[in-house]
Amino acid sequence: MNNSKVRVRFAPSPTGPLHMGGVRTALFNYLFAKKLGGEFILRIEDTDQTRFVPGAEEYIIESLNWCGLNPVEGPGIGGEFGPYRQSERKEIYKKYADQLVESGWAYIAFDTPEEIENLRKKAESNKETFSYGIGTRENLNNSLKLSSKEVQQKTEAGENYVIRFKMPEDLDVTEEDLIRGQVTFNTTKSLDDKVLFKSDGMPTYHLANVVDDHLMKITHVIRGEEWLPSMPLHVLLYRALGWEETRPRFAHLPLILKPVGKGKLSKRDGDKMGFPVFPLKWNDPETGESFHGYREDGYFPEAFINLLALLGWNPGTEQEFFSVDELSEIFSLERVVKSGSRFDPEKAKWFNKHYFQQKSVEDLTQLFKPILKEKGVVATDEKIQKVVAEIKERCEFVNDLWDQSSYFFESPKEYDAQTVKKRWKEDTGAQLDEITTVFDSVSTWKADSIKESFSAFMNEKGWGFGAIMNPLRLCLVGGNMGPDLFLICEILGKEETISRIKTAIEKIAKL
RNA sequence: GGCCCGUUCGUCUAGCGGUUAGGACGCCAGAUUUUCAUUCUGGUAGCAGGGGUUCGAUUCCCCUACGGGCUACCA
């Protein structure tokens with residue numbers, strides 16, 4: 001096989017947004033290439049004109065970009081093996097299809113889709129499955145049955161035809177999958193005569209894929225498990241085209257499964273369970289539907305990549321946090337798991353939390369500012385930074401910052417009913433009123449000194465801390481959450497603190 | 001239905017003939033925090049079933065069950 005420089009490709013089709021399984025495939029390709037000092041390229045497989053979705057290609061490229069998985073060759077990037085969009089390589093494929101017909105590895109078939117559909121239905125009514133191939137092809141409308149003269153007449157008359165692979169009979173095709181080991185398929189038992197070239201002048205995936213991988217000098221095909229059944233076809237195609245010596249090796253990745261229920265992860269699972277399935281937000285141009293994205297939901301790309309890497313792969317050590325660079329050092333296909341893995345949204349959050357906590361207060365402040373602006377909050381960077389420093393450890397997403405800190409920027413709109421019921425006693429209002437006087441007399445408005453004055457007063461009165469601290473917190477934040485109370489006072493400022501207490505006493509009395 | 005792939009705590013996984021079956025997420029408990037959260041400590045829970053092979057099987061082989069994928073002029 002191939003001893004030259006490692007070259008791998010990620011080859012999505014632009015039929016919609018790339019989902020996280022696709023990103024993982026791209027990631028593993030990328031890591032494999034990096035590890036071996038090879039090249040990672042992007043190729044757009046848009047041979048099905050009927051399924052083209054506007055914006056999908058841009059989405060794919062932007063997603064890879066957000067994840068930092070940048071190809072060295074691809075559409076919009078260029079490279080010596082371009083173009084990298086199969087629709088732009090259309091002319092290339094026909095030649096190879098014809099070559100296969102000439103060499104007897106393929107044949108021309110005139111059967112219309114309707115005819116085949118009928119055969120399929122008929123077989124189905126007999127509880128059988130129709131398959132175009134060994135056993136049936138000799139009796140169908142193709143160049144195997146027709147005389148060459150008839151074939152010529154039909155093609156010259158402009159009749160539509162496809163080119164099908166002529167699957168050799170009873171041949172065991174054995175291939176060493178880099179993840180699964182030896183896999184064997186018997187041609188008669190499991191393979192039919194796949195269409196290689198469609199009547200619309202475009203190749204199918206199978207032909208285009210093999211031709212392009214060869215032309216682009218791809219050394220390793222790393223793709224999803226859904227392609228495993230077509231591996232023997234591809235192997236045979238390389239053989240038929242005479243490219244066996246240089247053909248790539250295969251590795252089939254396990255699939256990502258739904259968190260609960262049956263089957264592989266799909267588009268709508270996310271909205272059902274409240275997690276994104278796509279890297280970026282996607283608005284479907286046809287249905288108008290909107291899907292969540294990791295980016296917009298506040299995940300950091302580092303976290304997204306990290307969680308993806310550990311879904312179906314592990315380093316063999318107990319380390320769980322990895323940068324892309326680290327992964328590039330230690331990634332290997334041997335450590336890819338064979339079975340499909342259920343996606344766990346909880347663990348995904350945990351990964352993000354880790355990266356969130358790694359961020360500096362300064363960085364988080366910058367990320368928080370646009371959110372505050374959106375909320376109509378005006379505050380100095382100094383205050384925002386102070387707040388962020390206090391609440392950082394309670395958050396796992398940038399979006400949590402507001403939920404954990406809104407009371408620093410606006411006074412409570414309501415008071416948590418449960419806390420009121422539990423903590424607000426008959427004389428609480430009067431006691432808190434006295435506290436405002438104490439606060440008013442604090443000269444240096446710093447957490448320490450506020451606490452000092454407060455404690456002295458409490459001791460003098462002989463009041464229980466618990467009986468005052470909790471309702472006091474209620475007045476200032478509206479509930480029983482938040483960091484140290486005196487720090488909150490400090491950040492709020494003396495005036496605001498006192499005013500909030502007074503407002504609360506009034507409002508709660510009315511409840 | 002046919003073909004192929006797979007099966008270790010609820011989930012992600014380590015294990016590559018002899019281990020008290022390890023870690024992580026989640027969950028539970030305790031400690032700290034005069035709140036809540038964080039943090040720390042501890043706990044809970046697993047080799048799908050049945051046959052072989054072997055002195056010995058989670059580990060190797062076979063069968064069954066279950067799960068997954070494919071079975072288009074879609075990728």
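Each value in this text was obtained by applying a stated rule to the coordinates, not by laboratory testing. These numbers come from a predicted model, not from an experiment. Quick reminder, even Gly has a Cβ in these numbers, built from the backbone with ideal geometry, and neighbours come from all protein chains shown.
Figures for the structure shown
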| read-out | value |
| --- | --- |
| Residue order, fewest to most surrounding Cβ atoms within 10 angstrom, among A:V324, A:V277, A:V337 | A:V337, A:V324, A:V277 |
| Anisotropy class of the range A:395-511 from Cα gyration tensor, a/c 1.5 cut | oblate |
| Using a Förster distance of 25 Å, the FRET efficiency for A:T112-A:T188 (Cβ separation, nearest 0.05) | 0.40 |
| Those GluC sites (Glu not before Pro) in the range A:1-110 that DSSP places in a loop and that have at most 14 other beta carbons within 10 Å | A:E80 |
| Relative contact order, percent, chain A [alpha-carbon distance under 8 Å, six or more residues apart] | 12 percent |
| Relative contact order computed over the range A:141-217 (Cα-Cα under 8 Å; 6+ residues apart), in percent | 25 percent |
| Counting all C-alpha pairs of the range A:17-143, share separated by more than 18 Å (%) | 69 percent |
| Prolate/oblate/rounded call for the range A:49-105, Cα gyration tensor, a/c under 1.5 rounded | prolate |
| Contact order normalised by residue count of the range A:233-381, Cα under 8 Å, 6+ apart, percent | 22 percent |
| Trypsin sites (Lys or Arg not before Pro) within the range A:333-398: DSSP coil, no more than 15 neighbouring Cβ in 10 Å | A:K338, A:K375 |
| Aspartates and glutamates whose Cα lies under 20 Å from that of A:K510, excluding same-chain neighbours fewer than 8 positions away | A:E414, A:D416, A:E426, A:D427, A:D433, A:E434 |
| Ratio Rg/Rh [Cα only; Rh per Kirkwood] for chain A | 1.17 |
| Bins of 10 Å, starting at 0 and running to the largest distance - Cα pair percent for the range A:337-444 | 11, 28, 26, 23, 8, 2, 1 |
| Too-long pairs where the Cα-Cα distance tops 29 Å, listed order kept, from A:K35/A:K262; A:K422/A:K461; A:K34/A:K194; A:K267/A:K338; A:K194/A:K264; A:K267/A:K359 | A:K35/A:K262; A:K34/A:K194; A:K267/A:K359 |
| In nm, spacing of pseudo-spin labels at A:E318 and A:N470 (7 Å Cα→C-beta vector) | 4.0 nm |
| Neighbour cut-off at most 16 other Cβ (10 Å), DSSP loop, chymotrypsin sites (Phe, Trp or Tyr not before Pro), the range A:410-511 | A:W445, A:W463 |
| Reduced Cα scattering model of the range A:424-488, Debye log10 I(q)/I(0), q = 0.16, 0.18 Å⁻¹ | -0.50, -0.64 |
| For the range A:209-283, the spread of Cα positions along each principal axis, largest first, Å | 50, 25, 16 |
